[in-house]
Amino acid sequence: MSDASPLRDIGEHRVRLTEQEAQLNLRTVLELCAAGELRCSEKTSRPSGATVRTVEEHLAHRDFYRDDPIASFSWPLLIQAGGLATIEGGRLRLTPQGRAALRKPPAEVISRLWRRWLTHAVIDEFSRIEAIKGQRARNVLTSAKTRRQTVATALARCPPEEWISVDALFTTMRRGDMSPTIARSERALWKLYLLDAQYGSLGYDGFHAWEILEGRYTLAVLFEYAGTLGLLDLDYVHPSGAREDFQENWGGDDLDTLSRYDGLQAIRLTALGRYALGLTEAYQPPAGEAETQPLKVLPTLDVVATGILSAGDQLLLSAYAEHTADRVWTISATSLLAAINTGRDPQDFATFLTQRTDHELPGSLRTLISDVTHRARQLTDLGHARVLECADPALTALLTRDHALRSLCRPLGDRHLAVPLDQELKFRKALLKLGYVLPGQPTP
């Protein structure tokens, strides 16, 4: 197989070289999150349909299939599992770790995402195999955490730089005692079924083949998570009719496919995969992946795209500058202040521009960034506080000069005090010792 293109069709097969696109997609998803474009259910943590479509539209080479989301579904879950984003008011918001991730090498962030996902995933990925019913019954499924780590162990034993068919991997896993057992017990198998709980139960002899349960789970991990993160190159076809191992089951002949992952044919561990799995100490990108300098920054504070920009780069530019023409963004004090207002740092923008240009940044831009940064530092957020009114200035002076109380409050004029919420209990105790009391309950 020639590796000249990251995405190519070979007959009915599609071969996807995921390593570079995963690193581009990581930045894109983080930028979408920073822009408040991604929504997830606060109850289930799953992305909304609109969010899945938004992510899919911005992925470097779109999703694996146009008619069934895989990567665009898993990215919002991955950044939650990695602690890079949290749900606030139904929207994904970057955490401090998420903002820091925008400044770190993507391979390092992806490696950490994979390790965190193994133990902190927000859903059981087997639930994505919707054709197998009964999963929500009590005491049916084993620990997803244990299953993930089993598949990760199997991946770590894959030969480097070699394609391996998924069926060959299945054989290796079964022979090597690396089975991600799905059902807790023989009794639990009877609760899992296709189409009908009685006739389609997987508890019948021959109806719970390894490929149907453990195999489908393994495919989900390989395709939706390891493949999305760039740990594996993928060889796949359309899932409809790709596997026939379930059609002898009752109701199986009514299904075109058992899962959206059935089309996966073969995998190849990437350099990024070996790094994330701990097989190498450092990440060495494939040859020929030198960074490009697709931008030119003019003294007029216009940023002109002279090459191809990734979706993530375009989102970042639009966060700091106004998109004024097809390939032009204009930087101004207003645009930089707006970015700061959303939690962004202009110095990060300057670093980004330096990495994407082959010339020194104009002095006019450096002066503007310095001025705006100085203005942004004139105000400091001290957090939430409880405001108290004193009966007279004398009481205010007494409390603010008291040895125990003076570090727990700040005077606001001559008759008011501000008490930080995290100091309120200490303030109340010290106030009692002084012979005063604050009526009411402490702030929860």
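We did not get these values from a lab; they are worked out from the coordinates using the rules stated. For clarity, every value in this text was computed on a predicted model and none was experimentally measured. Here Cβ is always computed from backbone atoms with ideal geometry, including for glycine, and neighbour counts include all displayed protein chains.
Descriptive notes on the structure:
- Potential extension, R184-A282 segment - 0.36 nm per residue separation minus Cα distance: 31.4 nm
- Between the C-alpha center of segment 372-443 and that of segment 222-265 there is a gap of 62 Å.
- If the segment from E42 to R157 were pulled out straight at 0.36 nm per residue, it would be longer than the present Cα-Cα gap by 37.7 nm.
- Ranking of K426, K43 by neighbouring Cβ atoms within 10 Å, starting from the fewest: K43, K426.
- Estimated distance in nm for a label pair at E360 and R327, the labels positioned 7 Å out from Cα along Cα-to-Cβ: 2.6
- The ranking of S310, S407, S127 by Cβ neighbour count inside 10 Å, starting from the fewest, reads S407, S127, S310.
- Taking amide H positions as modeled 1.01 Å from N, with prolines and chain starts lacking one, the residues under 5 Å from T95 and 5 or more places away or on another chain are A85, T86.
- Cut-off 13 Å, label 7 Å out along Cα→Cβ of Y65, residues of segment 180-221 by amide N: 220
- Placing R0 at 56 angstrom, the Cβ-Cβ distance between K433 and T351 gives a FRET efficiency of 0.65 after rounding to 0.05.
- Unit charges on C-beta of K, R, D, E only; dipole of segment 270-337, Debye: 40
- If R0 equals 35 Å, the separation of the Cβ atoms of T334 and T306 corresponds to a calculated FRET efficiency of about 0.90.
- Axis angle, to the nearest 10 degrees, between helix 71-81 and the longest C-alpha principal axis of the chain: 50 degrees.
- Extension gain, Q293-D414: 0.36 nm per intervening residue step, less the Cα-Cα distance, totals 37.8 nm.
- Relative contact order of segment 7-276, taken over Cα pairs closer than 8 Å and 6 or more residues apart, is 23 percent.
- Positive-end residue of P420, T396, A430, charge dipole of segment 385-434 with Cβ unit charges: A430
- Separation of the I164 and L395 label points, Cα + 7 Å toward Cβ, nm: 7.5
- The long axis of helix 346-356 is offset from the longest Cα principal axis of the chain by roughly 40 degrees.
- Folded to 0 to 90 degrees: helix 363-376 orientation relative to the chain principal axis, Cα: 70
- Here segment 385-434 is treated with +1 on each Lys and Arg Cβ and -1 on each Asp and Glu Cβ, and its dipole about the Cα centre works out to around 200 debye.
- Look at the dipole of segment 227-355 built from charges on Cβ: of G230, S240, L353, the Cα furthest out on the positive end belongs to L353.
- Total charge dipole magnitude, the chain, about the Cα centre, Cβ charges on Lys, Arg, Asp, Glu only, Debye to nearest 20: 2300
- Using a Förster distance of 30 Å, the FRET efficiency for D254-D177 (Cβ separation, nearest 0.05): 0.30
- Residues I110, I369 in ascending order of nearby Cβ atoms (within 10 Å, fewest first): I369, I110.
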